[in-house]
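Inspection log for the structure reproduced underneath, given as structure tokens.
Any read-out appearing in this document is the output of simple, stated calculations on the displayed coordinates, not a laboratory observation. These numbers were taken from a predicted model, which means no experiment stands behind them. When we count neighbours, we look across all protein chains shown, and the Cβ atoms used for this are built from the backbone with ideal geometry, even at glycine.
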Amino acid sequence: MDDDFPGAPAATSPLLGPTELAEVLADVTVLDVRYRMGGPPGRDEHAAGHLPGAAYVDLDADLAAPPGDGGRHPLPDEDAFEAAMRRVGVRGDRPVVVYDDWEGRAAARAWWLLRHHGHRDVRLLDGGLAAWRAEGRPVEPGEVRPEPGDFRVSATKAMPVVGPEDVRSVDVLVDARAPERYTGETEPVDPVAGHIPGAVNVPTTDNLDERGRFLPPARLREVYARVGADTAGSVAAYCGSGVTAAHDVVAMAAAGIDAALYPGSWSGWVSDPTRPVATGR
């Protein structure tokens, strides 16, 4: 990752704290990616109060294609994603910071897509809106209509993906969902309960401390060392629909572990009834 990001705590870190962001706020593009699974879009929350200058990004409309065989949140069409990022002011030569109010679970999707499509300088605001407010930082109401950006989707993809045909050949396949969904004890969203055979469970909550901030890199490496991801030849992450799995990818990136994303995730996997399903630990 580019080491010229203003105020970056480390050249390889995908994270930026609120203090560091405040120091460079005028020099970065900030995107508000507020979203909650099963809840209304975050546009109203954005209008009520957001980081100064932050444009709203609609996860369902801007960061995903319509639901289908590829799952509930397939990757967006490249042209549509490029247009959406230009509309919210993303430029290829200007750093981007993404945030939400869901401990980074939605913002991670924006981070991943921008990195995947070639933007070199992207950070996730560690702790999101809550951390920003906890420091007494200002928020402002109203809609933000930035000057259109010039971001271009790159033909060369920076972040690896795996599909249903090869996901089970990954050395360590990480399931980012809550433990009870992984084991199949409950499934509130998708039609089939359980997990992909061979997957290991590292729920997104394991990436965070009691404040909702990401654990330090050394602690994150310990979290993923428990499932062998720190020494594996290949690692990939999935969740229910490919959104919160990016949170685990962010955490592993902070820990120095490269991981692919299975965009279809569980919702895409179970769209084909011939694919095997496991339950329990």
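7 Å from Cα along Cα→Cβ at both Asp44 and Val139: what's the point-to-point distance in nm?
Each label point lies 7 Å from its Cα, and together they span 1.5 nm.
Among the DSSP beta bridges whose two residues both lie in region 1-144, what percent are antiparallel, rounded to the nearest 5?
Values: 2 of 13 bridges.
Approximately 15 percent, going by the DSSP bridge assignments.
Quick one: of the DSSP bridges fully inside the chain, what percent are antiparallel, nearest 5?
For the chain, the DSSP antiparallel bridge percentage is about 15.
Taking the Cβ-Cβ separation of Glu187 and Asp272 as r and a Förster radius of 22 Å, what is the calculated FRET efficiency to the nearest 0.05? Spell out each step's value before the answer.
Values: r = 17 Å, r/R0 = 0.76.
So, using R0 = 22 Å, E works out to roughly 0.85.
For region 167-269, give the share of DSSP beta bridges that are antiparallel, in percent and rounded to the nearest 5; count only bridges with both residues there.
10 percent
Classify region 15-134: rounded, prolate or oblate, from the alpha-carbon gyration tensor (a ≥ b ≥ c, eigenvalue square roots; a/c under 1.5 rounded; otherwise prolate if a/b is larger than b/c)? Before the final figure, lay out the partial values.
Values: a/c = 1.82, a/b = 1.29, b/c = 1.42.
Oblate.
Any chance you could run the full-extension gain for Met37 through Glu180? It's 0.36 nm times the residue separation minus the Cα-Cα distance, nm to one decimal.
Value of the extension gain: 49.8 nm.
Using a basic spin-label model with each label point 7 Å from the Cα along Cα→Cβ, how many nm lie between Arg219 and Ala130?
The answer from the label model is 1.4 nm.
Kindly provide log₁₀ I(q)/I(0) values, in the same order as q = 0.14, 0.20 Å⁻¹, from the Debye equation applied to equal alpha-carbon scatterers of region 167-269.
Summing over Cα pairs of region 167-269 leads to -0.46, -0.94.
Neighbouring Cβ atoms within 10 Å as the yardstick, rank Glu147, Glu103 fewest first.
Listing Glu147, Glu103 from fewest to most nearby Cβ atoms yields Glu147, Glu103.
I'd like the Karplus ³J(HN,Hα) series for region 17-28: coefficients 6.51, -1.76, 1.60, θ = phi - 60°, whole numbers in Hz, and an x wherever there's a Gly or Pro.
Taking θ as phi minus 60°, the curve returns x, x, 5, 5, 5, 4, 6, 10, 4, 6, 10, 10 Hz for region 17-28.
With each pseudo-label sitting 7 Å past Cα toward Cβ, what's the Thr279-Glu23 distance in nm, one decimal?
5.2 nm
With a 10 Å Cβ neighbour count serving as the proxy for reagent exposure, in which order, fewest first, do Glu82, Glu187 appear?
Details: Glu82 19, Glu187 16.
Final ranking by Cβ density, sparse to dense: Glu187, Glu82.
Taking the Cα centre as origin and putting +1 on Lys and Arg beta-carbons and -1 on Asp and Glu beta-carbons, what dipole magnitude results for the chain, to the nearest 20 debye?
The dipole of the chain has a size of about 280 debye.
Please find the FRET efficiency linking Asp60 to Ser234, where r is the Cβ-Cβ separation and R0 is fixed at 25 Å, and quote it to the nearest 0.05.
0.25
For region 201-267 and region 78-156, what is the separation of their C-alpha centers, rounded to whole Å?
20 Å
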